[in-house]
Amino acid sequence: AIEFDGTGKHLTAGIVDEHSHIAASAINEGAQNSSAEVTIEDVVDPNDINIYRNISGGTTSAQILHGSANPIGGRSAIIKLKWGENAADMIYDNSPKFIKFALGENVKRSSSPYNNRFPDSRMGVEQVYVYAFTRAKAYEEEKKIGGASFRKDLDMAALVEILNKERFITCHSYVQSEINMLMKVADMMGFRVNTFTHILEGYKLADKMKAHGAGGSTFSDWWGYKFEVIDAIPY
């Protein structure tokens with residue numbers, strides 16, 4: 001056994017990072033408003049030097065999330081950080097399955113004059129969710145009936161997993177009104193938001209988050225970087 005003298009030192013459990021974009025060769029599939037058919041598991045990059053740097057800082061596992069270009073993003077990869085290992089052996093086989101959702105300026109592409117797809121507005125973002133889950137419910141019914149007309153749709157299949165509590169949502173979020181909106185849509189359509197990540201106005205509606213059953217995951221530092229966070233309190 002290797003022995004370490006811990007005198008005067010501080011020992012903690014390993015850090016599990018709920019929201020990371022390291023160790024992937026692609027992050028955003030931003031051409032459409034739902035990219036639930038793609039998965040970060042397909043693009044895990046075992047040679048990213050940030051794996052080594054995160055291990056040195058005490059991070060042992062991480063959820064590698066799709067980016068925030070779309071209201072409904074891609075599926076997550078939950079990995080054990082290992083240096084010198086291949087991609088497939090870094091992915092946890094038996095982990096809960098997650099997917100990235102997003103709200104706010106990134107989704108409606110406020111900073112880009114070239115947004116060429118719906119939605120352009122916050123009201124459009126809401127309708128993306130309503131329409132997507134309406135279609136997912138119809139898809140599930142069609143699948144049960146079966147027959148020659150049924151065609152597998154990986155986008156819809158991922159949303160059906162959410163409805164059946166087989167896949168969980170972690171949602172990029174900042175502004176109170178949008179956080180409230182997604183919880184209302186979820187209650188209406190019969191699913192739950194597992195985690196609101198960033199959640200910089202979560203202090204305004206923590207009681208509603210608790211009632212819905214949603215958790216929050218915020219920044220440890222480096223959070224005050226755009227106008228959307230003007231009311232932010234990262235506590």
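Any read-out appearing in this document is the output of simple, stated calculations on the displayed coordinates, not a laboratory observation. Not measured: the values here are computed from a predicted model. Cβ: placed from backbone, ideal geometry, glycine included. Neighbour counts: every protein chain shown.
Remarks
- The range 101-115 - phi-based ³J(HN,Hα) in whole Hz, Karplus 6.51/-1.76/1.60, Gly and Pro as x: 10, 8, 10, x, 4, 4, 5, 8, 6, 4, 7, 10, x, 10, 5
- Backbone HN-Hα couplings from phi across the range 189-195 [Karplus 6.51/-1.76/1.60, Hz, Gly and Pro as x]: 8, x, 9, 10, 8, 6, 9
- Sites ALA148 and GLU37 - FRET efficiency at Förster radius 30 Å, r taken between beta-carbons, to 0.05: 0.85
- Alpha-carbon Debye profile of the range 89-228, log10 I(q)/I(0) at 0.13, 0.19 Å⁻¹: -0.65, -1.20
- Difference of contour (0.36 nm per residue) and Cα-Cα distance, ARG192 to ILE2: 63.8 nm
- Residues whose amide H falls under 5 Å from that of ASP153, counting only those 5 or more places apart or on a different chain, are absent, with hydrogens built in the peptide plane.
- Close amide-amide hydrogen proximity is noted between PHE196 and CYS171, GLY215, GLY216, SER217, each under 5 Å apart and 5 or more residues distant or on a separate chain (H modeled in the peptide plane; Pro and chain starts excluded).
- Restricting the calculation to alpha carbons of the range 70-169 gives Rg and Dmax of 16.9, 48 angstrom.
- Principal-axis tilt of helix 154-163 within the chain, Cα atoms, nearest 10 degrees: 80
- Candidate cross-link partners of LYS208 among the lysines, defined by an alpha-carbon separation under 28 Å and a same-chain spacing of 8 or more, comprise LYS97, LYS100, LYS108, LYS137, LYS165, LYS184, LYS226.
- Top of PRO46, PRO96, PRO71 by mean-square fluctuation, Gaussian network on the chain, Cα under 10 Å: PRO96
- FRET E, pair ASN180, TYR52, Förster distance 41 Å, beta-carbon r, rounded to 0.05: 0.50
- Folded to 0 to 90 degrees: helix 122-145 orientation relative to the chain principal axis, Cα: 80
- Less than 5 angstrom separates the built amide H of PHE98 from those of SER76, PHE168, all sequence-distant by 5 or more or on a different chain.
- Per residue, the chain reaches -8500 deg cm²/dmol at 222 nm when only DSSP H runs of four or more residues are counted, each adding -39500 (n - 2.57).
- Read-out volume of the Cα convex hull per residue in Å³, derived from the coordinates shown; its label in (i) 141; (ii) 200; (iii) 166: (iii)
- Using θ = phi - 60° in the Karplus curve 6.51 cos²θ - 1.76 cosθ + 1.60, the 3J(HN,Hα) couplings for the range 169-176 round to 9, 10, 10, 4, 8, 10, 9, 3 Hz; x is entered for Gly and Pro.
- ALA157/VAL16 FRET efficiency (R0 25 Å; Cβ-Cβ; nearest 0.05): 0.35
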